[in-house]
1. If you go through segment 263-279 one residue at a time, how many are within 14 Å of the ligand (Cβ to nearest atom) and within 20 Å of S428 (Cα to Cα)?
2. Quick one: in segment 346-371, which of the residues that are surrounded by 21 or more Cβ atoms within 10 Å (Cβ to Cβ) and within 14 Å of the ligand (Cβ to nearest atom) is farthest from P311 (Cα to Cα)?
3. Name the residue, out of T454, T401, that is within 28 Å of F211 (Cα to Cα), surrounded by 15 or more Cβ atoms within 10 Å (Cβ to Cβ), modelled with pLDDT of 95 or more and among the polar types (S, T, N, Q).
4. May I ask you to list the residues in segment 178-196 that are touching a residue at least 60 places away in the same chain (Cβ under 8 Å) and farther than 14 Å from A34 by Cβ?
5. Out of segment 74-89, which residues are among the aliphatic types (A, V, I, L, M) and farther than 15 Å from Y264 by Cα?
6. Condition test on L321, is it under 25 Å from the mean Cα position of the chain (by Cα), within 21 Å of A416 (Cα to Cα) and outside any loop (DSSP other than H, G, I, E, B)?
7. Pull up segment 138-169, narrow it to residues that are part of a loop (DSSP other than H, G, I, E, B) and near the ligand (Cβ under 7 Å from one of its atoms), then point me to the one that is surrounded by the fewest Cβ atoms within 10 Å (Cβ to Cβ).
Amino acid sequence: MNAGPMLDIVNPATEQRIASVTADAAEQVASKAAAARAAQPAWAVRPLAERAGCLRRFRAAVEAELPTLAATLTSEMGKPIRQARNELTAFLGRIDFFLDQVEHAIAPEVVLAPPGRPGDTTEGITHDPLGVVANISAWNYPYFVGGNVFVPALLTGNAVLYKPSEHATLSGLHMTRLLHAAGVPQDVFIPVIGAGGIGAALLAQAVDGVFFTGSNATGARIAQAVGPRMIRMQLELGGKDPTYVCDDALVRAAAESLADGAMYNAGQSCCSVERIYVHERIHDAFVEAFVETVRGFRLGDPMDEDTYLGPIARAPQLAVLEAQVADAVGKGARLLTGGRRLPGPGWWFEPTVLVGVDHRMDVMREESFGPVIGIQQVRDDDEALALMNDTRYGLTAGVYTQDEARAARLLPRLNAGSVYWNCCDRVSPRLPWSGVGASGIGLTLSTYGIQAFTRPRAWHLRHP
Ligand code: NAD
């Protein structure tokens, strides 16, 4: 069988090729899917304790290799090394959550238990694995977005065809190596290597579920391809996540928290703060504290312990950011800091703050996915709410106020899968992670995100 083309892995900080990996050819994807199909039943009938044992050993191996894994992650997608370690440490916490909760989440249930006399009908529910699932992943948090799928999928008895992003392939191959060394059979977890075309080839296989994390544009393509097949499909897509800073908020604390929420990982988080609305009474003080915080962020070599802002992971995004800034300034926004790409080598964009923005501007409507933020002044809570909900996306939204009752009034009216009070850019394994509207369908994390990899079977058992 022919191998696929070589896939070059390029360091976004230097533009140097750091590795070349053989990608799959379409026919290899088909044979991988067949192997996963053949291997899945034996994995599903192994006791849960054995499957959990493999994932426990995997967790231990990730912990043991954490510094090396973090360095690989930084070199292939540019995330500052401390943030890479943060991701891996939090990934361990997510695995712990799944290991703690899986038994309870998929325990068989008896929901009606008559005494068992002739004619009595016992009713029960089991949670059966879906079968073979495709896990197509983004690059920005490869351990999180990959693991949110493959950890619960494997624990619940599925085989996984895992396509890491072409911008996080080395991390994907590390995860594969460690899973296999931990005892997950080679054909139960199979990497599928390549770019979008190989993702499309994976979708063409007879899988039982597609779990995708990535952009809205690709998600829409996947929905079109997969929809008519009536299989489980989950799409975790982008956002244009808003926050409202009320007039009673702690101005400096809110500014520092939101600057971090907007710029962490160079703004390349699905739940990055993408738009900020500030009450007119504190607008100027907030902007001053925000810009001061942003100017304090250290941009530089992502391998350096002191770096807060690294490069942009994908070169084409630089043009998107430039265009958003030009569009905003052209329509009357004021650029307070940043606004330009930096000379190479590497793909660098200055942390950028725009004020005087409004909803005619792309920066307030389209996902930036970079270190660019628009701050808009509002009159009152109603105007803030209307603007926050004026979007096709709905991943997260938040409110900063010292008044709990005010937050309790505002948060339920936000059209978003996650809402935040005095915090932002936060994901918890204990809570469902989901989007509304263009931010996707389905969910991961929480016990619902374990059951998402199962099919409830209804048992009607009549006693003779
Ligand atoms: P992307 O859509 O470009 O790629 C995602 C994955 O899909 C990659 O593995 C890619 O190779 C694959 N792919 C591309 N075309 C395909 C096709 N036609 N068929 C099948 N697979 C295909 O997205 P990205 O740049 O990797 O990720 C950034 C986006 O992901 C942002 O919009 C971000 O907000 C979003 N994201 C969302 C979440 C969430 O939980 N909601 C988490 C992380 C990232």
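The values are calculated or read from the model by the stated rules, or taken from the named source; none is laboratory data. What you see is a predicted model; the values in this text were computed from it and never measured. So basically every Cβ, Gly included, is an ideal-geometry build from the backbone, and we count neighbours across all protein chains shown.
1. Total satisfying the criteria: 10.
2. E367
3. Unique residue meeting the criteria: T454.
4. L178, L179, A181, A182, G183, V184, P185, I193, G194, A195
5. Taking segment 74-89 and keeping what is among the aliphatic types (A, V, I, L, M), we get 77, 81, 84, 88.
Within segment 74-89, L88 is the sole residue that qualifies.
6. On the way: under 25 Å from the mean Cα position of the chain (by Cα): yes; within 21 Å of A416 (Cα to Cα): no; outside any loop (DSSP other than H, G, I, E, B): yes.
Against the criterion (under 25 Å from the mean Cα position of the chain (by Cα), within 21 Å of A416 (Cα to Cα) and outside any loop (DSSP other than H, G, I, E, B)), L321 does not qualify.
7. Let us first name the residues in segment 138-169 that are part of a loop (DSSP other than H, G, I, E, B), namely 138-141, 156-158, 164-168.
Retained after the next criterion (residues that are near the ligand (Cβ under 7 Å from one of its atoms)): 138-141, 164-167.
Values: A138: 24, W139: 24, N140: 25, Y141: 26, P164: 26, S165: 25, E166: 22, H167: 20.
Here the residue is H167.
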